[in-house]
1. Applying a 10 Å radius around every beta-carbon, put 344-353, 99-108, 128-137 in order of their mean neighbour count, most first.
2. Let me make sure I get this right: for the range 72-148, a, b and c are the square roots of the gyration tensor eigenvalues over alpha carbons, sorted descending. Under 1.5 in a/c it's rounded, otherwise prolate if a/b > b/c, else oblate. Which is it?
3. Compute the orientation-averaged projected area for the range 282-374 from the convex hull of its Cα atoms and round it to one decimal in nm².
4. Once you have a ≥ b ≥ c as the square roots of the Cα gyration tensor eigenvalues for the range 136-249, tell me rounded if a/c is under 1.5, and otherwise prolate or oblate according to whether a/b is larger than b/c.
5. Just the ratio, please: alpha-carbon radius of gyration of the range 214-345 over 2.2 N^0.38 Å, N its number of residues.
6. Report, to the nearest whole %, how much of the accessible area of the range 241-313 belongs to carbon and sulfur atoms, 1.4 Å probe, protein only.
7. Using modelled backbone amide H atoms (1.01 Å from N, in-plane), which distant-in-sequence or interchain residues come within less than 5 Å of Ser401's amide H?
8. Using the basic label-point model (7 angstrom from Cα toward the beta carbon), what is the Asp69 to Asp352 distance in nanometres?
Amino acid sequence: MGEIHVEACDSPKDAGWLLQQPSCYYYNLRISYRRRLKLTTLVGLNIISMTSNDTSIRISSDFSLDKSDIPNNIHSISNVIRVLIVKSAPELYQKYSDKDDAFFMHPLLFALFNNTDKSNDLKKDLACILDGDIATQSTEFGGIKLLLEIPDYVRPFFYEIYRGHISNEHPDFSLAEYKFDAFNSALELIKETVPATFEHINLSNKLIFIHDNPKIINFVTKSFQGFLSFWVVDEINRIYFVEELIHQGGHNLLNLHLHNKADFFTCNPDEVQMNEVNGGNVDYRSLMSAYHGLFTVIERIRVFEKIIRSAHLSEQESHELAGRFADQFLRFEKLNVFSKNIYNFLTPRGADLYNEMVDFGRLKSKEYKDFLSLFDLSFRDIDFYYSEFSKHNDIQKYLNSDFYKMWLNEDI
């Protein structure tokens, strides 16, 4: 790409992308990672070359977000990674200086530069990533790869947590490769039924680790952009992966969309808590977390509706997806993001996207009011388990419903 130009600045906007503490935009709020990041190499740097000539990124117009700025946002972020490599290992950068933006968006580069103190040898770890010596397995559909081994600098991202309280900072977990076929099947289902969503999943998500510890909740973080971490148990099937791809993958997509936060917020949304937005109600989520929560719930409503009404699902898969679909409406009502005061914290562009999401959620809630009466979800704790759902919701009742009979003969 040629020479990277940098200049000093007091408040580097691009540096902020990597300097943030990782946090998960999970609906039930994963509390911000408690360790301060040791990344100091970006302080005082600002990328000047912000216009991308990269033709490798193509985005379909079939999506609700205004995606026109995402390629330039990716270029801006990848330039930060380029500068970090130049400062850490200039000879490595010279070797790969002609690579496109996608090459420098490798999730492990984000993880490494945010946990340099956990690296045994920074240059060696950098070379391992850039030379492609990381143990991965390719998916059959799309560009997401399965990470087969966890480097030391990635382990700090994994800890056991329940309702915001960390219970184990050094948990045991192992690769659950036996569920990779189900993950591939979920990608195939999304590709067949909602191709635009499949395209955006592949744009914003590059690496996944599937493990066997449900106490490590599924997460994404800006400090590990493009990475997905999913827990599994034996009962997990492709419908579970469909939800998590839309949910967690949606966070990674929105991270790219909201990169220039001043375009959407009148404040720093990572620092403003929702109790301030909502007028003193106890709510310690950040405004950014709440905004992300709204987006990912709306995305699941939108995508689940299309899949359940157009895909060829087994009776059990349809029952499970219907339960997960109904669950999103309950989550929508409990998001606690509907105070009119929120507009004081949003720019016109941020308000437009907020209004679009809220209006869509309310419209679909009204449309599916009778559908929701089919199910009992009072038992659900945090995660949706189909084994628990099926105990409280007889599949035959669902199969006899007018909704299921209608969907059998419908294509939207």
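The values are calculated or read from the model by the stated rules, or taken from the named source; none is laboratory data. Predicted model, so just to flag it, every value in this text is computed and none were measured. Note: ideal-geometry Cβ built from the backbone for every residue, glycine included; neighbour counts use all protein chains shown. We work out accessible area using only protein heavy atoms, side chains counted, and drop any ligands, DNA or RNA first. Shrake-Rupley method; radii C 1.70, N 1.55, O 1.52, S 1.80 Å.
1. Ranking, from highest mean packing down: 99-108, 344-353, 128-137.
2. It is oblate, given that a/c is not under 1.5 and a/b is not larger than b/c.
3. Projected area, direction-averaged: 6.9 nm².
4. Prolate is the answer for the range 136-249, as a/c is 1.5 or above and a/b outweighs b/c.
5. 1.16
6. The computed percentage sits at 44.
7. So Ser401 has HN proximity to no qualifying residue.
8. 1.0
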